[in-house]
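Let me begin by presenting the structure, written as C-alpha cells, before commenting on it.
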Amino acid sequence: MLFPYVLAVTALLLLYLRPWSRKSAGLPLPPGPRSLPFLGNVGDIDMVRPWRTYSEWKAKYGPIVSCRLIGQTVIIINSEKVARQLLDQRSAIYSDRPAGPVPKLFGIDFITAFLPYGDTFRLHRRLFHQALRPDAADSYRDLYLDKARQLLSNLLGSPEAFEKHLFLYTASIIMSVTYGYDKVSWDGPPITSIAKLAELINVGIQPERSAILTAFPILTRLPPWFPGASFQRIAQRTRTLALESMNEPFEFVKRNMAAGNAPKSMVSDLLNEMDGEKHAYSEQAVKQVALTVFVAGFDTSSSTLSSFILAMVLHPEAQRLAQQEIDSVVGIDRLPDFYDRPSLKYVEAVFREAIRWHIVAPVGLPHATSSDDVFEGYFIPKGSLVVPNIWDMSREGHDDPDVFRPERHFASDGTLLPDTIAAKPMWGFGRRGCPGRFIAEAATWSAAVHLLAVFRITKAVDESGKEIEVKEEFTSGVVCRPVPFQCSFVPRSTDREKAIRLGD
Ligand code: HEM
C-alpha cells in the first residue's frame with residue numbers, strides 16, 4: 001500500500017525540481033516571498049481569501065509577484081495596468097489554462113473555461129462570439145425585461161425564497177438564450193441536473209483540491225471507497241450529470257427543429273448555420289459551448305444579484321436616492337426599460353458600486369503561459385500559473401475601498417465617470433476574457449433596476465418586530481456570494497404591486 005505514496009513523493013520531487021531547471025537567461029523571477037521546499041508558499045497564503053495575501057505581497061514586492069505552490073511557479077498580478085500589458089497585449093503567450101487531471105477526472109474537460117489554448121478553444125470562442133457578442137446580447141432585451149417582471153412576481157409570492165428566485169431568474173434567461181426554453185421550473189428537468197452539475201463543479205474545482213491532485217496525479221487512481229477519496233464519488237456523479245446536461249436540452253432543440261417550431265436560440269442558430277454550408281464545426285462543439293454557458297453564467301450572475309440585494313439592505317440611503325431617481329425619470333405608472341438607462345445615472349452608480357464592493361470572482365480563473373517570457377527584467381517561465389488579483393484591481397485608485405459609496409463613480413462636475421462595467425477587470429483578460437459579459441451585465445442591470453422600482457428592500461423583522469441583523473459576509477471560492485441572509489421586499493406602490501400580480 002506504500003507504493004502509491006512513494007510514487008506520489010517522486011512525482012512531487014520531479015515537479016519541484018523541474019521549473020528551477022528551466023533556462024532563465026540569468027534573469028530572476030518576479031520578487032516574492034521565500035518558499036519552503038516541496039510545499040512552496042502554501043503555508044503563507046490565506047487559503048480562504050488568497051486575494052488578501054496577494055494584496056499584502058503587493059505592498060511588499062510590487063504589482064507583480066512570484067511564489068511557488070506545490071512545485072508550481074505562480075505569478076500573481078496585482079495591478080490592472082500590468083494585467084493589460086501581459087494578459088491583453090501578450091495574449092498569445094498568456095492564454096493557456098493550467099494543465100491538471102481534475103477537469104478530465106470530473107468529465108468536464110470540454111467546458112471552454114478548462115480547455116487548453118488550441119484549436120478546440122478557438123472554435124469555442126468563435127461560436128461564443130457569434131451568439132453572445134454585444135449586438136446579439138442587445139437582441140435579448142425584451143427577454144431580460146420579461147424575466148425581471150417574472151422575478152418581481154415570484155418575490156411577491158414568496159419573498160423569503162429570494163435566493164431561489166434569483167437562481168431561477170438567471171437560469172431562465174440562460175436556458176432561453178441558449179436553447180429557446182420559454183419557461184423552466186426549479187424542480188424539474190433540465191434545470192435540476194444542470195444546476196446540480198454547476199454546484200458539483202464548484203466543489204470539484206476548489207483550488208486546494210486541484211493543486212493536490214495536480215501535484216499527486218496518482219491520487220486520481222484511488223478507488224471511491226478509499227479513506228479521503230470522497231472526491232472520486234463527486235467525480236463519478238459529475239461525469240454522469242455532465243453527459244445528461246449536455247444531451248437533454250440539446251435534444252429538446254433538435255426535436256423542436258424537426259417539428260419546425262424551434263424558437264430562436266444559440267443552439268438552433270448554430271445548427272441552422274451548420275446545415276447551411278461552409279461551417280466545419282460539429283454538433284459536439286455546439287453541445288459543449290451550450291452547456292458551458294450555463295456552467296459559467298449561472299452562479300456568477302445570481303451571486304452578483306444577491307450581492308446587490310445585500311448592498312441595498314445595508315445602505316438604505318443609496319437605495320432611497322436611486323428610487324427617487326427612478327420615480328422622477330420613469331414615473332410611477334410604468335416599469336423601467338433599457339431606454340431609461342442613460343438617464344438613470346445614480347442607479348448606474350449604485351449598480352457599479354454594488355459590483356465593485358464585493359467582486360464576484362476575486363481572482364477570476366488562472367491563466368497559464370504557453371512559452372517563456374521576459375517582463376521588465378523578470379523571467380516568466382513557460383507553464384507558470386498566472387493569477388490576476390481582480391479583487392485588488394477593483395480597489396485601485398479608490399479611497400476607503402471597503403466603503404460602499406456610489407458617489408465615487410461621479411467626476412467632480414457631477415458627470416458619471418466614463419468607465420463602463422463592460423471594460424472592468426471583473427470579466428478577466430485577453431483571449432480568455434468572459435464572453436458572456438454583455439448578457440450578464442444587461443441581465444443583472446435589468447433585475448436590479450426592477451427590484452429598486454418596485455420594492456423597498458429592508459432588513460427582515462422577527463416575531464417581536466425587532467430587525468434581524470445582517471452581516472457583510474461572503475462565501476469563499478472561485479465565485480463568492482453573500483452568506484445566506486434574510487431581508488424583506490416591501491412593495492413601494494399598491495398600483496405597481498397590483499399590476500405585477502396581474503402579470504401586467
Ligand atoms: C456577473 C457575471 C459574470 C462574471 C463576473 C464573469 C466573470 C468571468 C471571469 C472573471 C472569467 C475568467 C476570465 C479569464 O480567465 O480571464 C470568465 C470566464 C468565462 N465566462 Fe464569465 N462571468 C459572468 C457571467 C457569464 C455568463 C452569463 C456567461 C455566458 C453567457 C459567461 C461565460 C464565460 C465563459 C465561457 C468563460 C470562459 C472563457 C475562456 O476560458 O475562454 N460568463 N467569466
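Assorted remarks:
- Checked against (1) away from the ligand (no atom under 16 Å from the Cβ); (2) open to solvent by 50 Å² or more (accessible area, probe 1.4 Å), residue 450 passes all but condition (2).
- Members of region 463-501 that are of a type in the set (Gly, Ala, Ser) and within 24 Å of residue 307 (Cβ to Cβ): 476, 477, 488
- Residue 292 vs. criteria assigned to a helix (DSSP H, G or I), of a type outside the set (A, V, I, L, M), surrounded by 22 or more Cβ atoms within 10 Å (Cβ to Cβ) and touching a helix residue (DSSP H, G or I) at 6+ places or on another chain (Cβ under 6 Å): yes
- Lone qualifier among 74, 42 - being at pLDDT below 90, among the hydrophobic types (A, V, I, L, M, F, W, C), open to solvent by less than 50 Å² (accessible area, probe 1.4 Å) and under 30 Å from residue 397 (Cα atoms): 42
- A single entry from 269, 299 fulfils the requirement of being closer than 30 Å to residue 356 by Cα, within 16 Å of the ligand (Cβ to nearest atom) and assigned to a helix (DSSP H, G or I): 299.
- Residue within region 52-74 that is of a type in the set (Asp, Glu) and under 21 Å from the mean Cα position of the chain (by Cα) present: no
- Of all residues in region 302-341, those that are open to solvent by 30 Å² or more (accessible area, probe 1.4 Å) and under 26 Å from the mean Cα position of the chain (by Cα) total 4.
- For first residues located in region 81-101 and closer than 15 Å to residue 428 by Cβ, partners that are among the acidic types (Asp, Glu) and near the ligand (Cβ under 10 Å from one of its atoms) and lie 6+ apart or on another chain with Cβ distances below 9 Å form the pairs 94/88.
- Taken across region 351-367, residues that are at pLDDT 95 or above, outside any strand (DSSP E or B) and away from the ligand (no atom under 16 Å from the Cβ) do not occur at all.
- Residue that is nearest to the chain's Cα centre (by Cα) [pool: residues in region 360-398 that are under 21 Å from residue 307 (Cβ atoms) and among the acidic types (Asp, Glu)]: 392
- Residue match in region 43-66 (condition: of a type in the set (D, E, K, R) and within 12 Å of the ligand (Cβ to nearest atom)): no
- Taken as a whole, the structure places residue 183 among residues that are more than 20 Å from the chain's Cα centre (by Cα), part of a loop (DSSP other than H, G, I, E, B), modelled with pLDDT under 95 and surrounded by fewer than 19 Cβ atoms within 10 Å (Cβ to Cβ).
- Meets criteria (modelled with pLDDT of 95 or more and either away from the ligand (no atom under 14 Å from the Cβ) or surrounded by 19 or more Cβ atoms within 10 Å (Cβ to Cβ) (or both)) for residue 91: no
- Of all residues in region 409-447 being assigned to a loop (DSSP other than H, G, I, E, B), open to solvent by 30 Å² or more (accessible area, probe 1.4 Å) and of a type in the set (Gly, Ala, Ser), the one that is nearest to the ligand (Cβ to nearest atom): 411
- Only one of the numbered conditions (1) modelled with pLDDT under 95; (2) in a helix (DSSP H, G or I); (3) buried (at least 17 other Cβ atoms within 10 Å of the Cβ) is not met by residue 480, and that is (2).
- Residue 137 being under 23 Å from the mean Cα position of the chain (by Cα) and either away from the ligand (no atom under 16 Å from the Cβ) or not in a helix (DSSP H, G or I) (or both): no
- Among the conditions (1) part of a loop (DSSP other than H, G, I, E, B); (2) in contact (Cβ under 8 Å) with a residue 40 or more places away in the chain; (3) open to solvent by 20 Å² or more (accessible area, probe 1.4 Å), the only one that residue 346 does not satisfy is (1).
- Selected residue [without any contact (Cβ under 8 Å) to a residue 60 or more places away in the chain, open to solvent by 50 Å² or more (accessible area, probe 1.4 Å) and under 19 Å from residue 303 (Cβ atoms)] from 467, 473: 473
- Close Cβ contacts (under 7 Å, 6 or more residues apart or on different chains) running from residues in region 178-202 that are more than 24 Å from residue 132 (Cβ to Cβ) to residues that are open to solvent by 10 Å² or more (accessible area, probe 1.4 Å) comprise 186/164; 186/168; 189/248; 200/234; 200/237.
The values are calculated or read from the model by the stated rules, or taken from the named source; none is laboratory data. Note that the coordinates shown come from a computational prediction; the quantities given were computed from them, not determined experimentally. Counting neighbours? That spans all protein chains shown, and the Cβs are built from the backbone with ideal geometry, glycine included. For accessibility, only protein heavy atoms count, side chains too; no ligands or nucleic acids. Shrake-Rupley method; radii C 1.70, N 1.55, O 1.52, S 1.80 Å.
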